Amino acid sequence: MTIQLEGARGDSETNYPAHLHFGNYTEADTPIAFMLDPVSASNLKSSTILEQLSDGSRLTFDEVSGFDGHIKVHLAADGPDYEVILAAGNIGLNAGADFKLDEMAVCGKNY
């Protein structure tokens with residue numbers, strides 16, 4: 001799974017945590033399905049090989065379009081900056097929905 005953000009690049013030592021979650025980005029405290037590799041500030045990219053998800057299932061390339069989930073990229077891994085979401089988007093079943101910033105929920109840290 002690859003994330004490629006657009007925007008100003010930053011320090012090569014800075015990374016932003018990224019998570020694949022179950023459910024829609026509007027649902028509060030959705031469990032983490034998989035911890036993605038952090039997004040590098042220097043190239044705004046993350047590439048992760050998905051393995052077993054937190055619920056024990058596997059997500060193959062062919063199954064992504066039917067997955068009920070979303071991805072969020074956070075400013076920090078913990079503390080108050082964890083609640084600052086730099087990028088978010090639904091994937092799979094939810095991918096076609098219009099993005100409404102005011103409906104975005106802070107995701108949970110639970111698996």
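Assess whether Leu101 counts as being of a type in the set (A, V, I, L, M) and modelled with pLDDT under 90. In short, yes. The sole residue among Asp78, Asp68 that is of a type outside the set (Gly, Ala, Ser), in contact (Cβ under 8 Å) with a residue 40 or more places away in the chain, open to solvent by 20 Å² or more (accessible area, probe 1.4 Å) and within 25 Å of Glu103 (Cα to Cα) is Asp68. The residue that is farthest from the chain's Cα centre (by Cα), counting only those in segment 25-54 that are charged (D, E, K, R) and modelled with pLDDT of 95 or more, is Lys45.
From the list Ser42, Ser46, Ser54, the one residue that fits, being touching a residue at least 12 places away in the same chain (Cβ under 8 Å), within 29 Å of Ala8 (Cα to Cα), surrounded by 15 or more Cβ atoms within 10 Å (Cβ to Cβ) and among the hydroxyl-bearing types (Ser, Thr, Tyr), is Ser46. Filtered by the rule that a residue be of a type in the set (Asp, Glu) and open to solvent by less than 80 Å² (accessible area, probe 1.4 Å), segment 1-39 gives a lone residue, Asp37. Count of segment 73-99 residues, restricted to those that are in contact with an Asp or Glu (Cβ under 7 Å, 6 or more places away or on another chain) and closer than 17 Å to Gly23 by Cα, is 3.
The values are calculated or read from the model by the stated rules, or taken from the named source; none is laboratory data. The structure displayed is predicted, hence computed values, not measured ones. Every residue, glycine among them, receives a Cβ derived from its backbone with ideal geometry; neighbour counts consider all protein chains shown. Remember, those area values only see protein heavy atoms, side chains included, never the ligands or the DNA or RNA. Shrake-Rupley method; radii C 1.70, N 1.55, O 1.52, S 1.80 Å.
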